[in-house]
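These notes are about the structure you will find just below.
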Amino acid sequence: MRELPQGPTPPRNGDAVETDLLLSRRAVLSGAGALALLGVAGCSTSGGVDLPALQLDDTVTGSVPIRPSISVDKNITSPDVMYASLTDNGFNVPEVPYLKVKPEFRRQIVVDTTGEAPGTIVVHLKERMLYLVQPGGDAIRYGVGIGKDGFRWSGRANIQYGREWPTWTPPPEMIQRKPELVKWQGGQPGGLTNPLGARALYIYQDGKDTGYRIHGSPEWWSIGQAMSSGCVRLINQDIIDLYSRVSKKNPVVVM
């Protein structure tokens, strides 16, 4: 009977070559993976250097096709850039301490799961998320604050118009609940303390004002909470971004 070798067998020349090839392939794949993650994050620097869109394999695994691509938007960058202070229409919007905002509520590009047409604004009340559906199968997602129990609205409608630094007029029933607001029954001018924030999008259904708005808020800490009188509120930097992307008649789905 042939005697079995003792201890590990030293690699043959062919084994060493194969090992080297595997290591080289792993290094290349690791580098490609790092670049892909940067592409998904939309990491364009403040100097304006944009990474190319991430191209994913479109082969079929089983019966589910892998999504071919996801867009990279140069305006969706690191939180310290997106939530920095800015001057807008003469107002100095303060920076948002984004580390105190849950990561999922910060503006980002995600794969669209709404099934709605591009340009549709989808507000998911349970998730406390707003999605702006994009062409190509992705969406821009923003964290939102929503109405308290008994104050929420849901349905399909559209954006009739928008306003920058809008005037806020509390409805009579709100003034009854909070008599101190009577001073604003003629309207509170736009500004940093205005409850509508930097922008407002007015929701109409069948040509009639629903009374509900998608708007900014100086109270960034309220994002993810249910504490409004029914409107959908965003961080001021986020509503400025969203406002720049929509136009009159954008469909709205609140669910």
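The values are calculated or read from the model by the stated rules, or taken from the named source; none is laboratory data. In this text, all values refer to a predicted model and were calculated from it rather than measured experimentally. Cβ placement follows ideal geometry from the backbone for every residue including glycine, while neighbour counts extend to all protein chains displayed. Only protein heavy atoms, including side chains, enter the accessible area calculation; ligands, DNA and RNA are left aside. Shrake-Rupley method; radii C 1.70, N 1.55, O 1.52, S 1.80 Å.
Sort out which residues of the range 132-154 are touching a strand residue (DSSP E or B) at 6+ places or on another chain (Cβ under 6 Å) and either open to solvent by 10 Å² or more (accessible area, probe 1.4 Å) or among the aliphatic types (A, V, I, L, M) (or both), and write them in order of number. Even if it seems obvious, please write down each step before you answer.
We begin by selecting, within the range 132-154, every residue touching a strand residue (DSSP E or B) at 6+ places or on another chain (Cβ under 6 Å); these are 132-133, 138-142, 144-148, 153-154.
Answer for the range 132-154, where residues must be touching a strand residue (DSSP E or B) at 6+ places or on another chain (Cβ under 6 Å) and either open to solvent by 10 Å² or more (accessible area, probe 1.4 Å) or among the aliphatic types (A, V, I, L, M) (or both): Leu132, Val133, Ala139, Ile140, Arg141, Val144, Ile146, Lys148, Trp153, Ser154.
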Kindly provide the set of residues from the range 212-255 that are out of contact with any Gly (no Cβ under 6 Å at 6 or more places or on another chain), closer than 18 Å to Lys102 by Cβ and open to solvent by 50 Å² or more (accessible area, probe 1.4 Å), ordered by number. Glu219, Trp220, Trp221, Met227
Kindly indicate whether any position in the range 189-210 is within 25 Å of the chain's Cα centre (by Cα), of a type outside the set (S, T, N, Q), closer than 24 Å to Lys126 by Cβ and open to solvent by 70 Å² or more (accessible area, probe 1.4 Å). no
Yes or no: Pro170 crowded, with 17+ Cβ neighbours inside 10 Å and either basic (Lys, Arg) or out of contact with any strand residue (DSSP E or B) (no Cβ under 7 Å at 6 or more places or on another chain) (or both)? yes
Tally up the residues in the range 102-134 that are over 8 Å from the mean Cα position of the chain (by Cα), in contact (Cβ under 8 Å) with a residue 60 or more places away in the chain and part of a loop (DSSP other than H, G, I, E, B), please. 9
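Within the range 164-174, is there a residue that is over 21 Å from the mean Cα position of the chain (by Cα) and over 25 Å from Trp221 (Cα atoms)? Please lay out each step first, then the result.
Initial filter on the range 164-174 (over 21 Å from the mean Cα position of the chain (by Cα)): 165-174.
Adding the requirement that they be over 25 Å from Trp221 (Cα atoms) leaves 172-173.
Yes, that holds for at least one residue.
Restricting to the range 86-101, and then to whatever is open to solvent by 80 Å² or more (accessible area, probe 1.4 Å) and part of a loop (DSSP other than H, G, I, E, B), can you tell me which residue is nearest to Glu164 (Cα to Cα)? Please lay out each step first, then the result.
Filtering the range 86-101 down to residues open to solvent by 80 Å² or more (accessible area, probe 1.4 Å) leaves 87, 89, 92, 94-95, 99-100.
From the residues that got through so far, the ones that are part of a loop (DSSP other than H, G, I, E, B) too are 89, 94-95.
Working: Asn89: 9, Pro94: 17, Glu95: 19 Å.
Among those that are open to solvent by 80 Å² or more (accessible area, probe 1.4 Å) and part of a loop (DSSP other than H, G, I, E, B), it is Asn89.
Of all residues in the range 137-183 being in a helix (DSSP H, G or I) and of a type in the set (Val, Ile, Thr), which is farthest from Pro251 (Cα to Cα)? Working first, answer last.
Residues of the range 137-183 that are in a helix (DSSP H, G or I), as a first pass: 172-177, 179-183.
Retained after the next criterion (residues that are of a type in the set (Val, Ile, Thr)): 175, 182.
Details: Ile175: 31, Val182: 34 Å.
Only one residue fits best here, namely Val182.
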